[in-house]
Amino acid sequence: NMILDDGGDATMLVIKGPLYDASGRVMGLFGVARDITELKAGEDDLRRAKAFADQLIECANVMVLGLDPAGRVRIFNAKAEEITGYSRQELLGQDWFATVIPRERDAPSAEAFAEAMATGRWPQQCENTLWNRAGEPRRIAWWNSLLVDPDGARISVSLGADVTEQRAAERELADYRQDL
């Protein structure tokens, strides 16, 4: 019998049960208690820290994308949903390079990702094009990091800003200057 007693100022884990003699008759009770107040407080702190980190990712005004070594989506925030037109539920666990940056359209991005995962060397900044749900190209400027998850696997975490309109304006300005 295990009981978690959260009364008063301490949280106690209590394990108790009957003691049997050789013939199987109950001859008494045993009990062990351990104060786990600090453990519970640590768990609560971890839960709050995780909730805060989740909020930061979710409310970021840039795409937050996390990919596992196989290129499957592990982190995908609201801004990423807005830019790509895909929901988190649709993309979590899916191959990013089969859906949003298809290998047949941009093989170098998929190859660069595979190399970065294999070597641990990742460009801090880069740009590439993704195709949203409607099939429209969107130019994304990325800031990348390689992290190691709690299981020891590398995970790519990238922050992306949609610079499609900015790049179009830069091209127009360059064309205008050339015409002058």
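The values are calculated or read from the model by the stated rules, or taken from the named source; none is laboratory data. Since the model is a prediction, treat every value here as computed from it, not as a measurement. Here the Cβ is made from the backbone with ideal geometry for all residues, glycine too, and neighbour counts use every protein chain on show. With ligands, DNA and RNA removed, areas are computed over all heavy atoms of the protein, side chains included. Shrake-Rupley method; radii C 1.70, N 1.55, O 1.52, S 1.80 Å.
Starting from the residue with the highest accessible area, list Asp9, Asp95 in decreasing order, probe 1.4 Å.
Ranking Asp9, Asp95 by accessible area, largest first, yields Asp9, Asp95.
Run a plain Debye calculation on the chain (Cα atoms as equal point scatterers, no solvent) and give log10 I(q)/I(0) at q = 0.10 Å⁻¹, rounded to two decimals, same order as the q list.
Rounded to two decimals, the profile gives -0.59.
How do Ser158, Ser145, Ser87, Ser23 stack up against each other in accessible area, from largest to smallest, with a 1.4 angstrom probe?
Putting Ser158, Ser145, Ser87, Ser23 in descending order of accessible area: Ser23, Ser145, Ser87, Ser158.
How big is the antiparallel share of DSSP beta bridges in the chain, given as a percent to the nearest 5?
Once the DSSP bridges in the chain are tallied, antiparallel ones form about 95 percent.
So how far, in whole Å, is the C-alpha centre of the stretch 100-142 from the one of the stretch 7-66?
Taking the Cα centre of the stretch 7-66 as reference, the centre of the stretch 100-142 is 42 Å away.
If you count only protein heavy atoms and use a 1.4 Å probe, how large is the accessible surface of Thr11, to the nearest 10 Å²?
Answer for Thr11: close to 10 Å² accessible.
Residue by residue through the stretch 84-90, what is 3J(HN,Hα) from phi via Karplus (6.51 cos²θ - 1.76 cosθ + 1.60, θ = phi - 60°)? Round to whole Hz and write x for glycine and proline.
Per-residue couplings from phi come out as 8, x, 9, 7, 3, 4, 5 Hz.
Just to confirm the filter: which GluC sites (Glu not before Pro) across the stretch 66-116 are DSSP coil and have at most 12 other Cβ within 10 angstrom of their Cβ?
Counting only loop positions with at most 12 other Cβ atoms within 10 Å, the GluC sites (Glu not before Pro) in the stretch 66-116 are Glu104.
Give me, ordered by chain and number, the residues 5 or more places off Arg133 or on other chains with an amide H under 5 Å from its own placed amide H.
Gly85, Tyr86
Starting from the amide H of Glu127, placed 1.01 Å from N in the peptide plane, find each other amide H under 5 Å away whose residue is 5 or more places distant or on another chain.
Hits under the 5 Å cutoff: Trp142.
In whole Hz, with x marking every Gly and Pro, tabulate ³J(HN,Hα) for the stretch 72-82 from phi via Karplus 6.51 cos²θ - 1.76 cosθ + 1.60, θ = phi - 60°.
7, 6, 10, 10, 7, 8, 4, 5, 5, 4, 4
Leaving out same-chain residues fewer than 8 places away, which lysines sit with a Cα under 22 Å from that of Lys50?
Cross-link targets: Lys40, Lys79.
Using θ = phi - 60° and the Karplus form 6.51 cos²θ - 1.76 cosθ + 1.60, what ³J(HN,Hα) does each residue of the stretch 143-151 get, whole Hz, x for Gly and Pro?
10, 10, 9, 10, 10, 10, 6, x, 8
Where does each of Trp143, Trp96 land when they are ordered by accessible area, with a 1.4 Å probe and the largest first?
From most exposed to least exposed: Trp143, Trp96.
With the other protein chains left in place, how much accessible area per residue, in square angstrom, belongs to the chain at a 1.4 angstrom probe?
Accessible surface, normalised per residue, equals 66 Å².
To the nearest 10 Å², what's Thr119's accessible area with a 1.4 Å probe?
60 Å²
How much accessible area does Leu130 have with a 1.4 Å probe, in Å² rounded to the nearest 10?
Counting only protein heavy atoms, the figure is 0 Å².
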